[in-house]
Amino acid sequence: MIAGRFFDGRTSAAQPAWLALGADRMVRLEGIAEPRYVPLASVRISDRIADIPRRVEFDDGATFETADNDAVDAALDALGAGGFGRRIVHWERRWAIAAAALAGVAIASWLFVQHGLPRLAAAAAQKVPPSLDAAIGSEGLVIMDRTLLAPSKLPAARQDELRSRLAAMSAPLADGHAYRLELRRGRGLGPNAFALPSGIIVLTDELVELAQHEDEIAAVLAHEIGHVRHRHALRMLLQDAGVAALAFAVLGDIGTASSLAVALPVVLVQAKHSRDMEREADAFARQWLREQGLAGSHFDAMMCRLAAGDDAVAYLSTHPPLAERADCARVR
Ligand SMILES: [Zn+2]
């Protein structure tokens, strides 16, 4: 017997009732004042839709309602009355569950890549031992020298001047990073700057030549220091290499330094810093300029000059839209 509620069709009152489908294809309804015994063919049984209560409608407008969908299905199946229609309903349910599960996995994966992975990478980057950080930085520079960079043609005295500027800027930070300025001609990269793990900052000759004020270069250096302090390059590498690299990073396996460093040029030049990372580096640069009593317009001027030059394409391909970052109308 299937338990449910009976509505006589005249009043809204519900009465507890029990329904049975007999092998004789007769419907028996009991527990009510006037029990019913009618042919299955004379009632209409609603289709199964999720967990909505099933309705058995009698031809005089009375209805029996039950939440026990499985029992109704089982009874119909026993009679062979479920048939093709019921199988479709079943299929639809399975398909809907499968589709929902698939969508769930897709959404979870997307959320993980968008939010989980960057967070894990940031956490793992904090646990990377300094020796591994340094190994990735110096190996990464070797690879960049082979592929993207050429020796600087700036006069030695000018190079020394710039190195002293970075040293003067970074020493008071005492943040544990071994800051080191490397000057290179940029081949196809044009005016550009990169922050490698462990504190190696690469400036291209072209960027140095583009600057019209020493503080514009300082603004770029401050931006790159921001990237170093937030360990952005390492985070991008770990994110890029995914979960396996995260695990290795946490375990501190020095053997992975080479495999991570190989990806550094790609990550720095092609994969781009995320907008969040640029914002963090920009925020550091602007705050540093403020603290030093230097004009923030040096930062804007340099950014806008980078965006306006012939090499804008190369620079912009490694940086997010400028409109978010500098007010070019103001500095012109
Ligand atoms: Zn940047």
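What follows draws every value from the coordinates through simple rules; no lab data is involved. Keep in mind it's a predicted model, so treat the numbers as computed, not measured. As a convention, Cβ positions derive from the backbone with ideal geometry for all residues, glycine included, and neighbour counts pool all protein chains shown.
When only the Cβ of Lys, Arg, Asp and Glu is charged (+1, +1, -1, -1), the dipole of the range 2-81 relative to its Cα centre reaches about 120 debye.
How do 161-169, 31-39 rank on mean C-beta neighbours within 10 Å, highest first? Present the calculation step by step, with values, prior to reporting the outcome.
Numbers: 161-169: 15.0, 31-39: 12.0.
Ranked by mean Cβ neighbours within 10 Å, highest first: 161-169, 31-39.
Taking a Cβ cut-off of under 15 Å around residue 19, the surrounding Lys, Arg, Asp and Glu residues balance to a net charge of -2, with basic ones at +1 and acidic ones at -1.
Taking a ≥ b ≥ c as the square roots of the eigenvalues of the Cα gyration tensor, the range 38-77 is oblate, since a/c reaches 1.5 or more and a/b is not larger than b/c.
Taking other C-beta atoms within 10 Å as the exposure proxy, 297, 274, 170 rank 274, 297, 170 from fewest upward. In the neighborhood of residue 231, defined by Cβ-to-Cβ distances under 15 Å, what is the net charge if each Lys or Arg adds +1 and each Asp or Glu adds -1? The answer is -3.
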